[in-house]
Amino acid sequence: MTQTAHPDSVLIVDFGSQVTQLIARRVRESGVYCEIVPFQSAEEGFHRLKPKAIILSGSPASTLDEGSPRAPQVLFDSGLPIFGICYGQQTMCAQLGGKVEGGHHREFGRAFLEVEQDCDLFSGLWSVGSRHQVWMSHGDRVTAIPPGFKVLATSANAPFAFIADEARKYYAVQFHPEVVHTPDGAKLIQNFVHNIAGVKGDWTMHAYRQKAVEQIRAQVGDKRVICALSGGVDSSVAALLIHEAVGDQLTCILVDHGLMRKNEAADVVAMFKEHYNLHLIHVDAVDKFVGELEGVSDPETKRKIIGRLFIETFEDEAKKLGGADFLGQGTLYPDVIESVSFTGGPSVTIKSHHNVGGLPERMKMQLVEPLRELFKDEVRVLGKELGLPDSFIGRHPFPGPGLAIRCPGGVTREKLDILREADAIYLDEIRKAGLYDAIWQAFAVLLPVQTVGVMGDGRTYEFVCALRAVTSVDGMTADFYHYDMEFLGRAATRIINEVRGINRVVYDVTSKPPGTIEWE
């Protein structure tokens, strides 16, 4: 399903900042639809989206470097309100007649603004003479502002920390309002989209549902759709939305590839057959998938094998149905963002198990992706709108490659079975402790390491199991969950006692800051 113009929307031009996604989150939290586009295709995105306002992101680049990113001139010629953030401020100044220099005192971390002049953007928030914490991250800085601009606020190392040309509705800041370390940042962004740009905050899941159903019907017509149903929240919400749009034209296919959590395939089949009037086919493909994966250790190779086998399986099932014109799947906006290399970085490969970029040419099917514009938390809201039970909506995310990527090193049936049992015990202990809903995602990983241990009166040489638990909202950033040692001891003891093949358990305390590419 292609993305189309929204009546009231914001265009975010990405220059490569690791926190660009947080700008989108803040805009959407204010009830406004937005899209992120790389600077290389910003002009195309501008004409397609027809936005009411524009935000320019930060960047690791320097405006002083030859060939550094620039905003297309059409944005400045549009007459629309523009908000430049960090590098966005610097390129605005460089392009509009100001000056940017390097070699000054760099500023990273907490800083404090002194408000010197009032403006409409500060309405209900800041006043002249007040002092506010912000978060800085810059080496270069603006040393001369373009004609028409005035200084609104300064910091110790940024004399032009907040500037504006209110006549043209241009605002620019050296700090990052999108991060939580700028306490008033979300309100500043909200003021920009509502008070300055006049964008209505009426982008709701109810409205999205109606729009998505109309788009699916227009795209599919009277043709047949098959949908990849994994039992996760994303694919389930996508399936229900497509079913609402086209009814019996949809056939859902659950591919049991042997990489799912314990009893998951059976539980999913039971839930959808008992509670939803969907045509669901359960395909037993365990031998096919695990057979090809056995012994494969490279994680990217695993993903490509799984993606290829999924495609082949859906092709086979479509033939049995007499053909299908569309393939529905639960691609989310983070999948799209992380699968496009905005600045030539590694993100182009990290979602290779998704068909984000399209299907192989040999397939005579088009993709239907009704969730392609949504973040994970928004999908959960839509699931509630569609009537899914809270217990299902709150399920922890499970990656498409499943246990194959939670089994680093060579994959074997034995290792998958060991991991499945350990994971089930871990989640059971989390539920018993009443922690499941406080954690965004928790899972076990079977490390490619074996250690000598003494269990009872004998020696063992078995695997190490790592436990992972994180808190998050949208999956773009995450922090490890702070368990108490009593819980970890209880979970580890059960796993070691009940799962043959594991003699040691560790807890992973790695966080996922903005910009890191993987933590599955």
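The values are calculated or read from the model by the stated rules, or taken from the named source; none is laboratory data. Note that the structure is predicted; figures quoted are calculated from it, not measured. Positions of Cβ are generated from backbone atoms using ideal geometry, with glycine treated the same way; all protein chains shown enter the neighbour counts. All accessible areas refer to the heavy atoms of the entire protein, side chains included, with ligands and DNA or RNA removed. Shrake-Rupley method; radii C 1.70, N 1.55, O 1.52, S 1.80 Å.
For the stretch 51-57, what does the Karplus curve 6.51 cos²θ - 1.76 cosθ + 1.60, with θ = phi - 60°, yield as ³J(HN,Hα) per residue in whole Hz, taken in order and with x for Gly and Pro?
x, 9, 7, 10, 10, 9, 7
Using the Karplus curve 6.51 cos²θ - 1.76 cosθ + 1.60 with θ = phi - 60°, work out ³J(HN,Hα) for each residue of the stretch 91-102 in order, rounded to whole Hz, and write x for Gly and Pro.
Going residue by residue, I get 6, 4, 5, 4, 7, 9, x, x, 9, 10, 10, x Hz, with x marking Gly and Pro.
Could you run the Karplus curve 6.51 cos²θ - 1.76 cosθ + 1.60 with θ = phi - 60° over the stretch 460-472 and give me ³J(HN,Hα) per residue in whole Hz, x for Gly and Pro?
Computed from phi, the couplings for the stretch 460-472 are 10, 9, 9, 7, 9, 10, 9, 9, 10, 8, 9, 9, 6 Hz.
I'd like the FRET efficiency for GLU294 and ASP248, computed as 1/(1 + (r/R0)^6) with the beta carbon distance as r and R0 of 56 Å, rounded to 0.05. Please list the in-between numbers first.
Numbers: r = 39 Å, r/R0 = 0.69.
So, using R0 = 56 Å, E works out to roughly 0.90.
Report the Rg/Rh value for the chain, based on alpha-carbon coordinates and the Kirkwood definition of Rh. Intermediate values should be presented prior to the final figure.
Values: Rg = 25.2 Å, Rh = 25.0 Å.
Result: Rg/Rh = 1.01.
Of the trypsin sites (Lys or Arg not before Pro) in the stretch 92-193, which ones lie in a loop per DSSP and count no more than 13 other C-beta atoms within 10 Å? Before the final figure, lay out each step's value.
On the way: sites: LYS99, ARG106, ARG110, ARG131, ARG141, LYS150, ARG168, LYS169, LYS187; in loops: ARG106, ARG168, LYS169.
Within the stretch 92-193, the qualifying trypsin sites (Lys or Arg not before Pro) (loop, at most 13 other Cβ atoms within 10 Å) are ARG106.
Quick one: which residues, 5+ away or cross-chain, put their amide H under 5 Å from the amide H of CYS34? H built at 1.01 Å from N.
Sorted by chain and number, the residues that satisfy this are VAL10.
Long-range amide H contacts for HIS279: which residues qualify at under 5 Å (H placed 1.01 Å from N, peptide plane, sequence gap of 5 or more or a different chain)?
HN-HN under 5 Å from HIS279: CYS252.
With both partners inside the chain, how many of the DSSP beta bridges are antiparallel, as a percent to the nearest 5? The partial results should precede the final answer.
Numbers: 36 of 75 bridges.
Restricted to the chain, the bridges split so that about 50 percent are antiparallel.
For the cross-link pairs LYS273/LYS319; LYS364/LYS384; LYS304/LYS432; LYS50/LYS169; LYS320/LYS376; LYS288/LYS320, which exceed 25 Å when the distance is taken from alpha carbon to alpha carbon? Write down the numbers at each step before the final one.
On the way: LYS273/LYS319 23 Å; LYS364/LYS384 33 Å; LYS304/LYS432 37 Å; LYS50/LYS169 18 Å; LYS320/LYS376 33 Å; LYS288/LYS320 18 Å.
Violating the 25 Å Cα-Cα cut-off are LYS364/LYS384; LYS304/LYS432; LYS320/LYS376.
I need to check one value: relative contact order of the stretch 126-236, counting alpha carbon pairs closer than 8 Å and at least 6 residues apart, in percent. Please list the in-between numbers first.
Values: 93 pairs, mean separation 18.8, N = 111.
It rounds to 17 percent for the stretch 126-236.
For a quick protection proxy, order the peptides 400-409, 63-72, 175-184, 35-44 by their average other-Cβ count within 10 Å, most packed first. Intermediate values should be presented prior to the final figure.
On the way: 400-409: 22.5, 63-72: 15.4, 175-184: 20.3, 35-44: 18.3.
Ranking the peptides 400-409, 63-72, 175-184, 35-44 by packing returns 400-409, 175-184, 35-44, 63-72.
Around MET271, what is the net charge, scoring Lys/Arg as +1 and Asp/Glu as -1 over all other residues with Cβ under 15 Å from its Cβ?
Numbers: positive: ARG261, LYS273, ARG395; negative: ASP256, GLU264, ASP267, GLU274, ASP390.
It works out to a net charge of -2.
How much of the accessible area of the chain, probe 1.4 Å, is carbon plus sulfur, in whole percent?
Values: 10540 of 21090 Å².
Exposed carbon and sulfur together represent 50 percent of the surface.
With every protein chain left in place and a probe of 1.4 Å, what is the accessible surface of VAL128, to the nearest 10 Å²?
Using a 1.4 Å probe on the heavy atoms, I get roughly 90 Å².
Find, among the chymotrypsin sites (Phe, Trp or Tyr not before Pro) in the stretch 265-335, those assigned to loop by DSSP (not H, G, I, E, B) with at most 16 other beta-carbon atoms within 10 angstrom. The partial results should precede the final answer.
Working: sites: PHE272, TYR276, PHE289, PHE310, PHE314, PHE326; in loops: TYR276.
Of the chymotrypsin sites (Phe, Trp or Tyr not before Pro), the ones in loops of the stretch 265-335 whose Cβ has at most 16 other Cβ atoms within 10 Å are TYR276.
With the cut-off at 1.5 for a/c, could you classify the stretch 139-199 from its C-alpha gyration tensor as rounded, prolate or oblate? Please list the in-between numbers first.
On the way: a/c = 2.61, a/b = 1.14, b/c = 2.29.
The shape class here is oblate.
Using a 1.4 angstrom probe with every protein chain in place, what is the largest-first accessible-area order of MET485, MET260, MET455?
Working: MET485 145, MET260 15, MET455 70 Å².
Ranking MET485, MET260, MET455 by accessible area, largest first, yields MET485, MET455, MET260.
Expressed as a rounded percentage, what relative contact order does the chain have, with Cα pairs under 8 Å and six or more residues apart? The partial results should precede the final answer.
Details: 1035 pairs, mean separation 57.1, N = 520.
RCO, the chain: 11 percent.
For the chain, report the accessible area per residue in Å² (1.4 Å probe, heavy atoms, rounded to an integer).
Working: 21090 Å² over 520 residues.
On a per-residue basis, 41 Å².
Please calculate the 1.4 Å probe accessible area of TRP440, with all protein chains present, and give it to the nearest 10 Å².
Looks like 30 Å² after rounding.
Between rounded, prolate and oblate, where does the stretch 245-293 land on the alpha carbon gyration tensor, with a ≥ b ≥ c its root eigenvalues, rounded for a/c under 1.5, else prolate if a/b exceeds b/c?
Working: a/c = 3.71, a/b = 1.77, b/c = 2.09.
Verdict is oblate for the stretch 245-293.
Using a Förster distance of 30 Å, how high is the FRET efficiency between ASP479 and LYS384, based on the Cβ-Cβ distance and rounded to 0.05? Kindly include the intermediate steps, with their values, before the conclusion.
Details: r = 25 Å, r/R0 = 0.84.
Step by step, r from the Cβ atoms, then E = 0.75.
Would you tell me the accessible area of LEU367, worked out with a 1.4 angstrom probe on the heavy atoms of the protein chains, in Å² to the nearest 10?
Roughly 20 Å² of LEU367 is accessible to a 1.4 Å probe.
Let me have the 222 nm mean residue ellipticity of the chain computed from DSSP H runs of 4+ only, each contributing -39500 (n - 2.57), with the sum over all residues rounded to the nearest 500.
On the way: 15 runs with 166 residues, N = 520.
Taken over the chain, the calculation gives -9500 deg cm²/dmol.
So what's the net charge close to HIS6: Lys and Arg +1, Asp and Glu -1, counting the other residues with Cβ under 12 Å from its Cβ?
Numbers: positive: ARG28, ARG48, LYS50, LYS52, LYS200, LYS211; negative: ASP8, GLU35, ASP202, GLU373.
Value of the local net charge: +2.
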